[in-house]
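The values are calculated or read from the model by the stated rules, or taken from the named source; none is laboratory data. None of these values were measured; they are calculated from a predicted model. Here the Cβ positions follow ideal geometry from the backbone for every residue, glycine too, while neighbour counts run over all protein chains shown.
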Amino acid sequence: MRALITGQVGLDKKNFIEAAQRTARANGEELTVYNIGDMMYREAPTVRPGRILDLPLATLNSLRRAVMRDVLADMHNHANVIINTHATFRWKHGLFSAFDFDQLALFDADLYVCLVDNIETVHQRLLLDHDFEHSLKDLMVWREEEILATEILARSIRRSGAATPDPVSPSSQFFVLSRGRTRPTSDTLYRLIFRPNMKTVYPSFPMSHVMDLPDTLAEIDAFREKIAEKMIAFDPGDVDEKVLSDLAIRAASIGKQTLTIFPGDPIKTAQHNFGDLLNAPAIAPAIADAAPPIQLKVADLLQIVPDIDGQIYARDFMLVRQSDMIVSYIPELPGTEGKAGKPGLSSGVERELQHAHEHAKDVFVIWKPKKEPSPFITQTANKVFRSVDEAFAYFEQKGYFQPHSLFGS
């Protein structure tokens, strides 16, 4: 298995991939990682850390090609290989590619993964580790460019890379994967490489209009945890920048010029700035080591509000399409004065279910309300369950939790 992992600068991909490598070793499986950036620094020892992108483009390209030649010469000695690199750079030279098509065609990856993270966390890592002037808008645009460039690579190379293409060989797979906010997702990368028979799933659930319902949130979080434990999950809640835009809009409405942001911890951020939760998600702090807070201008946050909304819309649909199936959890909202609660069915969940149905994905719904689901649910779903346990018993019977590796071990 050959995998190419991309993502913008500021993701700390190396540590993320090393966590997947440790999981592989713990399971007795070999996984060799080529960190292209580290290899380039070793090839050019006079370049100070964090400054390699300041080299002239011609020098940078020659350096990268030399390193990739070493990778191509060595990769045949290993069963499972990851190249950790970038697809694009948005740096002092402007926007430029970070790969050579001919060399990646020779690598001929089976799996392409573009790693993403919440934008305030990426911003903080860049402030701590790189001398690079940038705006939040730059980072939002760069993320889209990185996803698109990686997808183009995945869709094109398998048809042109091999000297004698194998018509029986499946095409390369492309995935967008979040680093995760409340739990590490490095096991997801491990499973994509070593557990190809596990189902990929998009867990769908209401978000914004249940944020002030702690019991309902606990139900949803338990559902999400079980999905992540049993399957290869692409959870939309792993990138939840909508909280940032909500905070910025509220801050602007009361004349605040700056916000103190605790990356990865929207609860602490809301409490510090406003003294309440502002319907912030009731989630645990970030999975990363505690990092110092950062000051962000409200005007800078307001500038990316359209980007946040647009990317949520596009990215969540992309996650649906890259999954084998969607599993939607519909809670029952609390009732009033003895009346039964209404179904917690948001417009976003409805759109996701319809999008999955239109793209021929398996659609499963866990329906908790007492009120019966409408035909718009039952007619698009493969099956409707009344509990998480019922759904997972069905999935287990169907063999969706296949744990064996690529080589049958």
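Table for the structure above
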| quantity | calculated |
| --- | --- |
| Odd one out for Asp131 among (1) in contact (Cβ under 8 Å) with a residue 40 or more places away in the chain; (2) outside any loop (DSSP other than H, G, I, E, B) | (2) |
| Residue that is farthest from Asn382 (Cα to Cα), among those in region 328-361 that are of a type in the set (A, V, I, L, M, F, W, C) and within 20 Å of the chain's Cα centre (by Cα) | Val349 |
| Lone qualifier among Ala360, Ala381, Ala340 - being in a loop (DSSP other than H, G, I, E, B), within 30 Å of Arg143 (Cβ to Cβ) and not assigned by TED's automatic domain parsing to the domain that holds Val141 | Ala360 |
| Residues satisfying the stated conditions in region 382-409, i.e. touching a Pro at 6+ places or on another chain (Cβ under 8 Å) and modelled with pLDDT under 85 | Leu406 |
| Residue list for region 299-325, filter: within 16 Å of Arg351 (Cα to Cα) and of a type in the set (A, V, I, L, M, F, W, C) | Ile312, Ala314, Phe317, Met318, Leu319, Val320, Met325 |
| Counted residues, region 31-68 - those being within 24 Å of the chain's Cα centre (by Cα) and not small (Gly, Ala, Ser) | 7 |
| Entirely in region 213-304, the helices (runs of 4 or more DSSP H) that have 3 or more residues that are of a type in the set (Asp, Glu), modelled with pLDDT of 85 or more and surrounded by fewer than 16 Cβ atoms within 10 Å (Cβ to Cβ) | 214-230 |
